[in-house]
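Structure first, commentary second.
The values are calculated or read from the model by the stated rules, or taken from the named source; none is laboratory data. Everything quoted here is computed from the prediction, not taken from an experiment. Glycine also receives a Cβ, built like all others from the backbone with ideal geometry; neighbour counts cover every protein chain displayed. For accessibility, only protein heavy atoms count, side chains too; no ligands or nucleic acids. Shrake-Rupley method; radii C 1.70, N 1.55, O 1.52, S 1.80 Å.
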Amino acid sequence: AAPEVYKGRGLSSPGQQVLVAGAGVIGPACAHFLEVLGYSVTVVDRGPVYAQASYGNCGNICPSHLLPLAQPGVIGQALAALAQGDAPFFLAPRIDLPLWRWLLRFAGNCRRNRMIHSGHAALALLRESRHLYDGLLDEYALECEWDSSGSLYVFERSHALQRFAATAELLQTEYGIEARFVTAGALAAMEPALRPGLAGAWYFPGDAHLRPDRLLACWRQSLRSRGIHFMEHTGVQGLVFRDGRACAARTSRGEIEADFFVFATGAMTPFLSREIGWQAPIQPAKGYSLTMPRPRCSPRVALHLVDYGVVVTPMRSGCRLGSVLEFSGYNRRVDLRRVTLLRSAARACLVEPLTEPVEQPWVGWRSMTPDGLPRIGPCPTAPNLYLAAGHNMLGMSMAPATGQLIAQMIDGQVPTVDPTPYRLLQ
């Protein structure tokens, strides 16, 4: 039997209409799995398709990154970052009550037992997504420069490398994540793109990476060929209810009727609190990236430059530097200090750090939750409304499993992944 939370929630049969709001990677993933089950799907987005955080991120598919931001000691790091304008984790001091409420909840999650629990819940989605990607990319011919050669967590300073040993041990013993220590001497042979003199690294063979914009373009083309309709510049402004259920969405292009509604709205979800009947504990955290031509001495695997909080993703068609968590509200201003951090990290660690021409800096909002877990499940307002948002820095890594979970919920199936840790009301 389906879990108790789904009993009596208007389970459907194929052929019914589903409206998905949000065309980042989570929205198309939901549309994909719903179409596989026979539903007719329309995807709407308030802006151009795949132009938000899913477009310019580093494309890492990384089960190794299962631990949440909320960890013991991170509050001290955040306070120190207030005095460092170039820190990878930056909080802009301001009067913002939702942010301070979020921070209080975040602080409450910075405990080891909660970190361990969140890690297990995140890993369930990460592992299922990693498995689903292998089948999706092959079956639907999604040409996205997929590379399953793993990732390297690289350290410039020896004391940081030594501290990470405890994390690597936790990942191996508690979660079963394979990790291999790489000495400074072996690192040069394993990854010639790294500068000599680094302290060492940890290699995670279970990780992969792809080019996000290529994935989204190919996936959209595949979905359209299967009858899924995309409507750009179509913002959801409200819902129409009848007999306790939503029957239509009021949009900037008129009303759209549907049997089910899925909000895959990322960092914008808090603005839909009236529609979903719940104030989402989500804060926007600005991320940055720089994309450039592929260097002659390109990295062989994705690199996490841990001392700088920067990721380097090699792609067949280029190379991308990215990361940074800037809690500065809903703005798209480019802070040149963050761009300098990306460039400085590359210069410190890479033989060929920057390849001209470097594209203009890209910024996008990550949807951050206090416990590091997404919110996936039915909304309080009506039994045919569902939410899939708050994936923090792991939207690309969790997308297939999230889409599958939403489709299984709507179809009344027993979910492959236990949805309990991601429920909205907790």
Q. Residues with amide H under 5 Å of Ala302's amide H, sequence separation 5 or more or different chain, H placed in the peptide plane at 1.01 Å from N; which?
A. Leu152
Q.
Could you derive backbone 3J(HN,Hα) for region 201-213 from the dihedral phi with the Karplus parameters 6.51, -1.76 and 1.60 (θ = phi - 60°), listing whole Hz in sequence and x where the residue is Gly or Pro?
A. 7, 10, 9, 10, x, x, 7, 8, 8, 8, 9, x, 5
**Q.** Residue-by-residue Karplus 3J(HN,Hα) for region 388-403, coefficients 6.51, -1.76, 1.60, Hz, glycine and proline x
**A.** 9, 8, x, 8, 6, 9, 10, x, 5, 6, 9, 4, x, 5, 5, x
Q: Out of all DSSP beta bridges with both ends in the chain, state the antiparallel percent to the nearest 5.
A: 70
Q) Using the alpha-carbon atoms, what tilt in degrees (0 to 90, nearest 10) does helix 112-139 show relative to the longest principal axis of the chain? A) 80
Q) In debye to the nearest 20, how big a dipole does region 94-141 give about its Cα centre with +1 on each Lys and Arg Cβ and -1 on each Asp and Glu Cβ? A) 620
Q: Rounded to whole Hz and in sequence order, give me ³J(HN,Hα) for region 307-319 from the Karplus expression 6.51 cos²θ - 1.76 cosθ + 1.60, θ = phi - 60°, writing x for Gly and Pro.
A: 4, 10, x, 10, 10, 10, 10, x, 10, 4, 9, x, 8
(Q) With a 1.4 Å probe and all protein chains kept in place, how do His159, His117 rank by accessible area, largest first? (A) His117, His159
(Q) Nothing charged except the Cβ atoms of Lys and Arg (+1) and of Asp and Glu (-1): what's the magnitude of the dipole of the chain about its Cα centre? Round to the nearest 20 debye. (A) 920
Q | Label-to-label distance, nm, for residues given as Ile75 and Asp243 (7 Å Cα→Cβ offset) | A | 5.1
Q: Would you work out the relative contact order for region 180-293, in percent, from Cα pairs under 8 angstrom that are 6 or more residues apart?
A: 12
Q) Please identify the trypsin sites (Lys or Arg not before Pro) of region 318-397 that satisfy two criteria: DSSP loop assignment and at most 14 other Cβ atoms within 10 Å. Which are they? A) Arg332, Arg333
Q: Output the relative contact order of region 228-347, whole-number percent, from Cα pairs under 8 angstrom with separation of 6+ residues.
A: 17
Q | Calculated [θ] (222 nm, deg cm²/dmol) that DSSP helices of n ≥ 4 give over the chain, each run adding -39,500 (n - 2.57) | A | -10000 deg cm²/dmol
Q.
Can you give me the long-range amide H partners of Phe89? Hydrogens built in the peptide plane at 1.01 Å from N, cutoff under 5 Å, separation of 5 or more residues or another chain.
A. Leu325
Q | region 300-426: relative contact order in percent, alpha carbon pairs under 8 Å with at least 6 residues between | A | 16
Q) Roughly how much of Glu257 is accessible, in Å² to the nearest 10, using a 1.4 Å probe? A) 140
Q: Can you sort Leu91, Leu336 by 1.4 Å-probe accessible area, starting with the largest?
A: Leu336, Leu91
**Q.** Summed residue charge, Cβ within 15 Å of Ala401's Cβ, Lys/Arg positive, Asp/Glu negative
**A.** 0
Q. So who's got an amide H within less than 5 Å of the one on Thr251, skipping anything under 5 residues away but keeping other chains? H placed 1.01 Å off N, in plane.
A. Gln237, Ile256
Q: Express in nm, to one decimal, how much length is gained between Arg94 and Thr420 on full extension, taking 0.36 nm for each residue of separation and deducting their alpha carbon distance.
A: 113.9 nm
Q) For the charge dipole of the chain, defined by +1 on Lys and Arg C-beta atoms and -1 on Asp and Glu C-beta atoms about the Cα centroid, which residue among Pro357, His209, Ala107 has the Cα displaced farthest towards the positive pole? A) Ala107
Q) Given the C-alpha centroids of region 352-407 and region 103-130, what is the distance between them in whole angstrom? A) 15
